[in-house]
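The values are calculated or read from the model by the stated rules, or taken from the named source; none is laboratory data. Every value quoted in this text rests on a predicted model; they were computed, and no experiment measured them. As a convention, Cβ positions derive from the backbone with ideal geometry for all residues, glycine included, and neighbour counts pool all protein chains shown. Surface accessibility is based on the protein's heavy atoms, side chains included, excluding ligands, DNA and RNA. Shrake-Rupley method; radii C 1.70, N 1.55, O 1.52, S 1.80 Å.
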Amino acid sequence: IAGQLYGWLQASILPILVVLLVFSVAAGEFSCRKMKKIMVQLADAEDEESDRLEYEEEKWGALSMNLNVISQTFCMIVLSAGYSSNYLSSSEAARGSFLYACVVFIICMAYDSFWQIRYVKLIQLGHPEKLGDPSSINFQKKWLESCDEAEREVIYRSSYKAYMMLGRLMPILLVLTMLANLLFNTGMLAVIVVAVIWLVVTLTYTHSCVSLKGEKALMK
């Protein structure tokens, strides 16, 4: 069954990527219009109305960003189905179809990346105090520095929940990749990648904890 599904996926790479591109553009443009409308209303809103609009902003922003990331990840998964020497050498039609699929993939990824910049600009439209150029490598640092204490608390608590979820998920994924290598001969690379991600996440967290404690001790 897995082989049949994989074969169907290889034969349908181009149409699936086209559907993903259309979905990305439609969802992205709709969410941008929705966010722009909220930002315009937020500029003249009173306190209670402002709280409601900020909630709507957060909700629509989260939904839009999730759809954007889903689009990118599915594009990568679908295109990777064609990364096979057996498939590319099977026929001229397969090579031509994969070439067009690569073009659609690049367009979709470029749109999704550009959309994220537009999303940040829309947030800054309603919150001029938010700093940072989304195309800069220091954007996250500048953005965090421009947030108030309440916003930082939300970011910190959400980040910790994400870390805890990864801490529970990574061992399960590691076991699954090991079993997949045993049963389907998927190779060691998947196991190594998952193990490296788990190590990086854990070491980054523990290093940050030690550094922050050290800074606190030096300040006393």
Can you tell me, using C-alpha contacts under 8 Å and at least 6 residues apart, the relative contact order of the stretch 118-220 as a whole percent?
15 percent
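Starting with the highest mean, order 204-211, 14-21 by the number of other Cβ atoms within 10 Å, averaged over the residues of each peptide.
The packing order, highest mean first, is 14-21, 204-211.
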Quick check: net charge around residue 41, other residues with Cβ under 12 Å of its Cβ, Lys/Arg +1 and Asp/Glu -1?
-2
Computed log₁₀ I(q)/I(0) - Debye formula, equal Cα scatterers, no solvent, the chain, q 0.14, 0.16 Å⁻¹:
-1.13, -1.26
State the number of lysine pairs found in the stretch 92-174 whose Cα atoms come within less than 15 Å, restricting to pairs 8 or more positions apart or on distinct chains.
4
Solvent accessible area, Å² - residue 153, 1.4 Å probe, full protein context:
100 Å²
For the chain, what relative contact order do you get, as a whole percent, if you take Cα pairs closer than 8 Å and at least 6 residues apart?
20 percent
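Given Cα pairs under 8 Å that are at least 6 residues apart, what percent is the relative contact order of the stretch 45-131?
26 percent
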Rounded to 10°, Cα long-axis angle of helix 47-80 versus longest principal axis of the chain
20 degrees
Under the helix-only model (-39500 (n - 2.57) for each DSSP H run of 4 or more, divided by the residues of the chain), the mean residue ellipticity at 222 nm, to 500 deg cm²/dmol, is -30500 deg cm²/dmol
Kindly express, to the nearest 10 degrees and within the range 0 to 90, the angle between helix 2-11's C-alpha long axis and the longest C-alpha principal axis of the chain.
80 degrees
Using only Cα atoms, find the angle between the long axis of helix 13-43 and the longest principal axis of the chain, and express it within 0 to 90 degrees, rounded to the nearest 10.
10 degrees
Is the stretch 58-183 rounded, prolate or oblate when judged by the Cα gyration tensor, a ≥ b ≥ c being the square roots of its eigenvalues, rounded requiring a/c under 1.5 and prolate requiring a/b larger than b/c?
oblate
